[in-house]
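Following: one structure in structure tokens, then a few remarks.
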Amino acid sequence: MVKEKNRIMTSAKDVRSDRKSGYIAFESRNFRLHCTARLLYGIALSMQVVAVGWYVYSVTHSALALGLSGLATFAPAVFFALFTGHVADTFDRKKILAICFAFASLAAFGLLMIATLGVTDVNLIYACVLLFGASRAFANPAAQALTANVVPKEHFANAVTWYSSAWSSARIVGPAIGGLLYIAGPSAPFLAAFCFFVIASICVFMINATSQAKTSRGTVTWSTLSAGLKFIWSRQVIFGGISLDLVAVLFGGATALLPIVAQDILHVGPWGLGLLRASPAVGAITTGALLAHMPIKGKAGKKMLIAVGIYGLATIGFGFSQNMLLSMAMLALVGASDQISVVVRHTMVQSETPDEMRGRVAAVNAIFISGSSDLGEFESGVTAAWWGAVPAIVFGGAATLCFASLWAMLFPQLRDRDKLVEH
């Protein structure tokens, strides 16, 4: 009886320990602030994206115009690509992030003025989006690299999972709020986005991160700027992972077409667009929470490849759907599969990169990942202008499925990767 009682008590302690370990990264005050800033920034961005998409389509009724807004966000990321990583490795990442969030606030204020005054010139909207894109180009590598500076190394995988989940949570809350606020007028979501960007900037200023290993501020050469590219190319597991995400999001991302789907196929208003925008994040945050408590312990590469394949299949299902609930379910599956890919890729990239190079590697990673999302919106807008929204979405999903199969053959090291973090 005593042995049985001790066994039960030990089992209960293990359960409590496992539950606690699922939130271990939040023991760090700096991570709590960092994660909160990520959440607020993501909510603001999601509200802004919904509002910009609906506003642009309402004044142009053009799929190409929607695609161009994605290109306007992507262009600065390409133009500043190598410099953003060098800056993140050379200067204080916390200050970089706070300044970038401040410029994002400025861009949101510009969009607020455009909506308030009822401006119909989309070129002014693109100008604000370009400013926001420039701020995001510098913010992404600094934010990714800063994560490793706010938690102990042994808690890093847990931090990456929750940091990604914060972004996914924002993509649930932001679009829903943005769609509802748009009912009150286009100014409302832009005002809310502006306020959230400002608060996020304040949260970053309050972070007291550990010192980072910095690159010399001497002469900037091609060697120092291209170090991130060379590092990624030399690690075929990392290169395979982020390049697969590039082609998957480039061809499988149909988010730019959601205003068309909402208005012309499903016949719902801004609130419906908000729900569609939020649906991928519902799947992502649910999956992220599961991964935080039940982390991937084996066959990480195969699981990532399978997840990308499911991403493609769900995109095809969404393309054929003419029912709101089914469309939301397919988009939730898109988000769930994408979250698995994100956790695997980000953990491998950040854990295997020396701290003094994390900014430059993160900058290249941002081009592959965040940039591909914006460029994917442009690709979707162009193909939809050629073929129509449904064929464009279905084509993108089929292409993603093919690329997942091809990458399994081209990158055997990625396919056979077992552990997320190899010591």
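Where a number appears in this text, it was derived from the coordinates with a stated rule and is not lab data. What you see is a predicted model, and the numbers here were worked out from it, not measured in a lab. Every residue, glycine among them, receives a Cβ derived from its backbone with ideal geometry; neighbour counts consider all protein chains shown.
Length gained on full extension, Arg235 to Ile306, computed as 0.36 nm times the residue gap minus the Cα-Cα distance: 23.4 nm.
If the limit is 20 Å between Cα atoms, which of Lys230/Lys297; Lys153/Lys419; Lys153/Lys297 go over it? Going by Cα-Cα distance, Lys230/Lys297 fall outside the 20 Å limit. For region 53-101, the fraction of alpha-carbon pairs lying more than 11 Å apart is 73 percent, rounded to a whole number. Peptides 135-148, 323-336, 229-242 ordered by packing proxy, namely the average of other Cβ atoms within 10 Å per residue, highest first: 135-148, 323-336, 229-242. Stretched out straight at 0.36 nm per residue, the stretch from Thr120 to Lys95 would grow longer than its current Cα-Cα span by 5.4 nm. Shape analysis of region 89-151 based on the Cα gyration tensor places the equivalent ellipsoid semi-axes at 30, 10, 8 Å, largest first. Here the 3J(HN,Hα) profile of region 191-208, calculated from phi with Karplus coefficients 6.51, -1.76 and 1.60 at θ = phi - 60°, is 5, 5, 4, 4, 5, 5, 4, 5, 5, 4, 4, 5, 4, 5, 4, 7, 6, 10 Hz, Gly and Pro shown as x. If you bin all the Cα-Cα distances of region 21-102 at 10 Å, starting from zero, the percentages per bin are 14, 31, 32, 19, 5, 0.
For a Förster distance of 41 Å, can you work out the FRET efficiency between the beta-carbons of Asp416 and Ile183, rounded to the nearest 0.05? It comes out at approximately 0.20. Placing a label point 7 Å from the Cα of Ser62 along the Cα-to-Cβ direction, the residues of region 94-128 whose backbone N falls under 17 Å of that point are 119-128. The phi-based Karplus calculation (6.51 cos²θ - 1.76 cosθ + 1.60; θ = phi - 60°) puts the 3J(HN,Hα) values of region 141-158 at x, 5, 5, 4, 5, 5, 4, 6, 8, 10, 9, x, 4, 5, 9, 5, 4, 5 Hz, whole numbers, x for Gly and Pro.
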